[in-house]
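Working notes, beginning with the structure itself.
The values are calculated or read from the model by the stated rules, or taken from the named source; none is laboratory data. Since we're looking at a predicted model, the values are computed, not measured. Here the Cβ positions follow ideal geometry from the backbone for every residue, glycine too, while neighbour counts run over all protein chains shown. Side chains are part of the model used for accessible areas, which takes the heavy atoms of the whole protein and leaves out ligands, DNA and RNA. Shrake-Rupley method; radii C 1.70, N 1.55, O 1.52, S 1.80 Å.
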Amino acid sequence: MSFDAPTRNRLAKLVGEVRTLLTDEFFEQCRSVFGIAPSGEIAGMEHLGDLNDAERSTATLLRERVDYLVRTHPDEKGGAPEAVTQVVREQAFTVLNRLAALRMAEKRGLIAESVGKGYQSKGFKVFETVAGTGLGDTYHRYRQYLHCLFDELAVDLGPLFDRRSPQGVLFPREPVLLRCLAEINRSDLDGLWTEDETIGWVYQDYNDPAERKKMREAPAPRNSRELAVRNQFFTPRYVVEFLTDNTLGRIWYEMTGGKTRLNNSCRYLVQRPDEILSSPDASEQQAVTNREHEHLPEPSIQVPHRTIKDPREIRMLDPACGSMHFGLYAFDLFEVIYDEAWEIAHAGDAAEKSFPTLGSFVAFTARYADKETFLADVPRLIIEHNLHGIDIDPRAVQIAGLSLWLRAHRTWQQLGLHPQQRPRISRSNVVCAEPMPGDEAFLNEFIEAHLAGAPERRLLIQIVRRVFDAMKIAGEAGSLLKIDEEIAGVVAEAKRQWLAAPKAEQGRLFADDTVEPVQQALSFDVSAVSDSAFWERAEERIYTALEAYAEHAVAENSYQRRLFVNDAARGFAFIDLSRNRYDVILMNPPFGEASLGSREYLYKAIPEAARDLFAGFVSRFNCVLTDRGALGVLSNRTAFFSDFLVSWRKANFLGETARLSLVADLGYGVLDAVVEAAAYVCVNAPISECQFIDVLSSGDKEQGLAREVSAIRAGQPTKASIVRS
C-alpha cells in the first residue's frame, strides 16, 4: 500500500483523533480519579475517595512524577501546570505508540492477533479461556491481557513497553479504549500496518498541525519540545536511499574493490565509468566499471584503496534520528555487507592475503556452525553494533527502537525462524539527549557513594558536578552539545591548576587526605593528585564513575530515586555515543534558529549555528568522521550560496577535515515545508572534485534523481557537472 497523499491524510486524521481522545481522557482521569488538576493543584491522598490499591499506587506515582519534573527542571517556566501537561502528553503518546506497535506486530505474525478485532481478537480469546472470569469483566480481562503483552515485549523494547516507565502508568477507560481500537482498525488503513514506514508517519503526525504551524511561525523555539516539533520533517525514501547509497554503500563498494551486490542494488550509487578503484595489492589497478561502449571516456579518476573493516566496526550515526528512517534503509545495506564479509572471510588463503584486516571477523565467525546460523544473528549484530541514533524527543526514541526491532523480525520471518529461535537483542544504540536530573540531594547521595575512598575524590566529584552542569542544555542543544570536549576541557583545566601548584604540597596532601585544601582560590581542588599518571587516565576514571553511578541499584523502594537514576543513565548513554567516531553519518538536521536556552552555548561552541542550525550540525559531525568517513545531509540549499556561510563552506566543503564530493540540488517539494532543499555528501579525505546533480526543475524529484544517476553511471549525464576545486 503506497503512501500517496490520500493515504497519508487518512493516517494523519487517525493519529490526530486518537491523540485527542487519549489526551482528553488522561486529563480527565488525572482530575476526577487521581486529584491532579490541569492548573497544577494537587489534592491530598486522603481526599481521593474509594480507590483500590492499584489506583492509589498510580496516584502516588503521578504525584511523584509531577513533583520530580518541577524539582529537576527548574529552568522550565511553566511550573506545576506545565508538568501536569507534560505528564498527560507523555502518557497519551505512549499508549498510542503501544497500540500501533501491537497492530504492526500482529500483522507480521510476531504476536497473536491482539488488537485487530478488539475483544474478539484470537489472542485475547485464548487468554480468556485460560484466565476465566477471575480477573473481572471483559474490559478488565482485556486490559490485563494487554499488560501481559507489554511485559513480554518490554524485554526487547523497554523504552516503549516498560510499565514501570514514568511515561506509561495510565491506561484509557473502556469507552475511550474501544474508540481508539475502532480508529486503528479502520478497513481503509488495514494495509498500512504492514509497512515499515507507518510508525514513522505516526510519529510525524502526532503533533497538532495548528500547533506545529504556530511553532514554525515563531521567531525561534522557546524550548526543546518546540525545537523538536517545528523540525519534524519526514525524509522522503528516495533521499534516504540517495544519501545512504553514496555514504555507506560507497564505502563498502570501495572496500570490496567494486565487487559487491550493492553495485546493482543501490540505485542511487553514483559511480563514473572513468574511475578506477585500487585493489588491495597496490601494484595492481582494477577498473570496476562497465566500459563496453566506445563512447565512454578513458579512466581518469584514481580512487585510493580503502582497507576493508570488520563489519561490526562500521558505525553509522543519525544525530537527529526521529523515527530512524535512515537507519531502516541502512539496515538493508548492512545485511548485504555482513553476507559478503562472511564470503570474503571464508574464501581461503586468497582472502587472507587480500584482506588481512578481517582477521578479527574470521575469529568471530568461528563461533557459528555455518553461514545460515551466522545470517540469523546478523539483525542483532546490526542493531547492537552498527546503527546509532540521537534525538531530543523521547517519543522518537520509542518509535526508533520499535522501527529497528520490527525490521529485524522481518528478516527473521523471511528466514523462517520461529519467535523462540530468534536471537535476543540486548542493546540498542538509540538515545535521547536530555538534561541530567537537577536534584542536588540525589546528586550528592549517588556521586559521593561511588567516589568514596579515592584519594582524588574531591577533584573527581567537582568534575562530575561540572558534567551535570554542562548537561543542563542537552535537551535543547541535543547532539550539538560537545559533552566529550566539555569533559576533556574540564580535565585539562584542572591539570593546568595542578601543574601550577607547589609540588611539595601536592605530595603532602595526597599522603594525608584529612588536611584541608590549600588552594581555596582555585576552581578545582587538585591537592590530592600526586603524580602525572593520574591525568593520563583521568577521563576514563570519570567515565567509569559516571557509569557506575548510572547503573547503581538503589535498595530503597523510592520512585523518585528510580526516576533520577533512569534519567542519569540516559544522559550517560548520550555521552557514550558522543565519544565515538563514525564511518557514516546521515541526517536531516533541524534548520533555522536555535532554541533560546541553547543559544549562549551553541553560538560560542559552534559559531555557524548562529546562522542556521543545519550549518552547526555539518560542522559538528564532519569533525567526528573516521578517516575517509562520509557525511550525508539533507538541508536547506542556502548552504551553497548564503553570504553568511562563506567561511563555513570553505571549512566544510573545501577544508582539510572534510570536502564536498556529491550534491543533488533538489529545490522545492522535498520536505513538508516551504523550503528549497539539497542533498549532499562530504568526505573526510583530500578529494579534488565534486559531482553536481541538478534536479532543481524536475517535476518528479524521485524520477529526476534516478534518471540523472543512471546517466552518470552510463557516462551520459544530462544535467550533471563536475566541479573541481
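Of note:
- Residue within segment 395-414 that is among the hydrophobic types (A, V, I, L, M, F, W, C) and surrounded by fewer than 16 Cβ atoms within 10 Å (Cβ to Cβ) present: no
- Test: residue in segment 171-183 that is within 24 Å of Arg424 (Cβ to Cβ), modelled with pLDDT of 90 or more and of a type in the set (D, E, K, R): no
- Count of segment 187-208 residues which are without any contact (Cβ under 8 Å) to a residue 12 or more places away in the chain and either in contact with a Leu (Cβ under 7 Å, 6 or more places away or on another chain) or closer than 14 Å to Ala400 by Cβ (or both): 0
- Conditions (1) among the aliphatic types (A, V, I, L, M); (2) at pLDDT below 90; (3) closer than 26 Å to Gly401 by Cα: number failed by Leu96: (2)
- Remark: Ala658 falls outside the filter, which requires a residue to be open to solvent by less than 30 Å² (accessible area, probe 1.4 Å), on the phi < 0 side of the Ramachandran plot, out of contact with any helix residue (DSSP H, G or I) (no Cβ under 6 Å at 6 or more places or on another chain) and among the small types (Gly, Ala, Ser).
To keep it simple, each residue is scored yes or no on (1) within 22 Å of the chain's Cα centre (by Cα); (2) surrounded by fewer than 18 Cβ atoms within 10 Å (Cβ to Cβ); (3) at pLDDT 70 or above.
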{"position": "Phe564", "(1), (2), (3)": "yes, no, no"}
{"position": "Asp567", "(1), (2), (3)": "yes, no, no"}
{"position": "Phe572", "(1), (2), (3)": "yes, no, no"}
{"position": "Pro589", "(1), (2), (3)": "yes, no, yes"}
{"position": "Glu600", "(1), (2), (3)": "no, yes, yes"}
{"position": "Phe621", "(1), (2), (3)": "yes, no, yes"}
{"position": "Val633", "(1), (2), (3)": "yes, no, yes"}
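- Residue within segment 231-244 that is open to solvent by less than 20 Å² (accessible area, probe 1.4 Å), among the polar types (S, T, N, Q), touching a helix residue (DSSP H, G or I) at 6+ places or on another chain (Cβ under 6 Å) and at pLDDT 95 or above present: yes
- Segment 1-113 holds helices (runs of 4 or more DSSP H) entirely within its bounds, and those carrying 1 or more residues that are in contact (Cβ under 8 Å) with a residue 24 or more places away in the chain and closer than 21 Å to Asp188 by Cβ map to 5-28, 79-107.
- Any hit, segment 285-292, residues being modelled with pLDDT of 65 or more and β-branched (Val, Ile, Thr): no
- Among the candidates Tyr68, Tyr119, residue that is modelled with pLDDT under 90 and out of contact with any Gly (no Cβ under 7 Å at 6 or more places or on another chain): Tyr68
- Residues of segment 693-719 that are outside any loop (DSSP other than H, G, I, E, B) and either among the aliphatic types (A, V, I, L, M) or open to solvent by 40 Å² or more (accessible area, probe 1.4 Å) (or both): Ile693, Asp694, Glu702, Gln703, Leu705, Ala706, Arg707, Val709, Ser710, Ala711, Ile712, Arg713.
- Pair list, Cβ < 9 Å and 6+ apart or interchain, from segment 416-431 residues that are open to solvent by 100 Å² or more (accessible area, probe 1.4 Å) to residues that are charged (D, E, K, R): Arg424/Asp156; Arg424/Arg380; Arg427/Glu384
- Taking the criterion of being open to solvent by 20 Å² or more (accessible area, probe 1.4 Å) and either modelled with pLDDT under 90 or over 30 Å from Ile483 (Cα atoms) (or both), the residues of segment 372-390 that qualify are Glu372, Thr373, Leu375.
- Single match in Ser710, Ser688, Ser721, Ser698 (criterion: of a type in the set (Gly, Ala, Ser) and touching a Gly at 6+ places or on another chain (Cβ under 8 Å)): Ser698
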